[in-house]
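S.K.: Sharing a structure below in structure tokens format, with a few things to ask.
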Amino acid sequence: MSDFSIRPERAAEAVARHIETLILEGSLAPDEGLLPERDLAARLNVSRPTLRDGLKILQDRGLLTGEKGRGLRVASLGRGAITDPLIALLADHPEVEDDYLDFRDVVESHAAGLAALRATELDRNRIAAALDAIEAAHVAALPADEAEADAALHQAIYEASHNLVLLQIMRALSGNLRSNVARNRGRMFTLPRIRDHLRDQHRAIGSAILSGDPDAARTAAHAHLAYVRKAARDIAESQAHDETARRRQSGGGLGQRR
């Protein structure tokens, strides 16, 4: 027998490594379902028993999960590692949003610069598509769609940075802290004066990345996050004032005012 023959367990390991790489690079996203077994085996050009062995390896490592009869899907990676009582505490406190945006400023400015240098044609197409979606939602005055396109643009920039650590950490954090951030971002898109600024800032970031100018991309991303932080603070302050005024009018709900 040749020393170079492929043993079944080695083929299974190769299958596991291939899928593992797709997960690491973000091609397979957390919670994404895999193709049916028959299709997977055909795509990977392996037998179904070998495929099952490879998938079992990934299940044992906690990278894949699934219920009987429902197929396999990528585990909620990062959310388990980053979701502990501290992160839950952060997610429950709106005041943490400013610190989160401060962190995003540092990370996304760097990511935008990297994207300007490293983006492939496919990356640039995704960024251009996200910009087009932002513009279409803006013109149609659809705040929810515009907020969703905003998130898609930032995700595309993370991916175009080709920094796997940055991509996975930001993907996990955005999932864990999404509720407060998404809620406040959604409110921003209901205010015309803010919507116009956000649209222009996204254009500036995207244009700099698409033209391959890392300095302009970093500058535009920093200006955008600085503006978002200020807008979020202003909205929170305005809401706090409104709530205080309502409490004064009603005696905090405990008085007998009429």
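Values quoted throughout were computed directly from the atomic coordinates according to the rules given, and no laboratory measurement underlies them. Values in this document were obtained by computation on a predicted structure and should not be read as measured data. Every residue, glycine as well, gets a Cβ built from its backbone with ideal geometry; the counts of neighbours run over all protein chains shown.
S.K.: Which whole-Hz couplings ³J(HN,Hα) result when phi for each residue of the stretch 120-125 is put into the Karplus expression 6.51 cos²θ - 1.76 cosθ + 1.60, θ = phi - 60°, listed in order with x for Gly and Pro?
M.R.: After applying 6.51 cos²θ - 1.76 cosθ + 1.60, I find 8, 4, 5, 4, 5, 5 Hz.
S.K.: Now a separate question. Calculate the FRET efficiency for GLU243 and ALA141 from the Cβ-Cβ distance with a Förster distance of 41 Å, rounded to the nearest 0.05.
M.R.: Here the calculated transfer efficiency is 0.90.
S.K.: Follow-up question, since we're still on this one. Efficiency by 1/(1 + (r/R0)^6): what FRET value for TYR227 and THR120, r their Cβ-Cβ distance, R0 = 25 Å, to the nearest 0.05?
M.R.: 0.30
S.K.: To the nearest 0.05, what FRET efficiency results for ARG52 and SER27 with a Förster distance of 25 Å applied to their C-beta separation?
M.R.: That pair, ARG52 with SER27, gives E of 0.70.
S.K.: In nm, to one decimal, how far is the modelled label at ARG17 from the one at ASP215, with both set 7 Å along Cα→Cβ?
M.R.: Result for the modelled spin labels: 4.3 nm.
S.K.: Tell me the label-point distance for the pair ARG38, PHE103, using the 7 Å Cα-to-Cβ offset, in nm and rounded to one decimal.
M.R.: 4.5
S.K.: Moving on. Give me the net charge of HIS222's neighbourhood, meaning all other residues with Cβ under 9 Å from the Cβ of HIS222; Lys, Arg count +1, Asp, Glu -1.
M.R.: The answer is -1.
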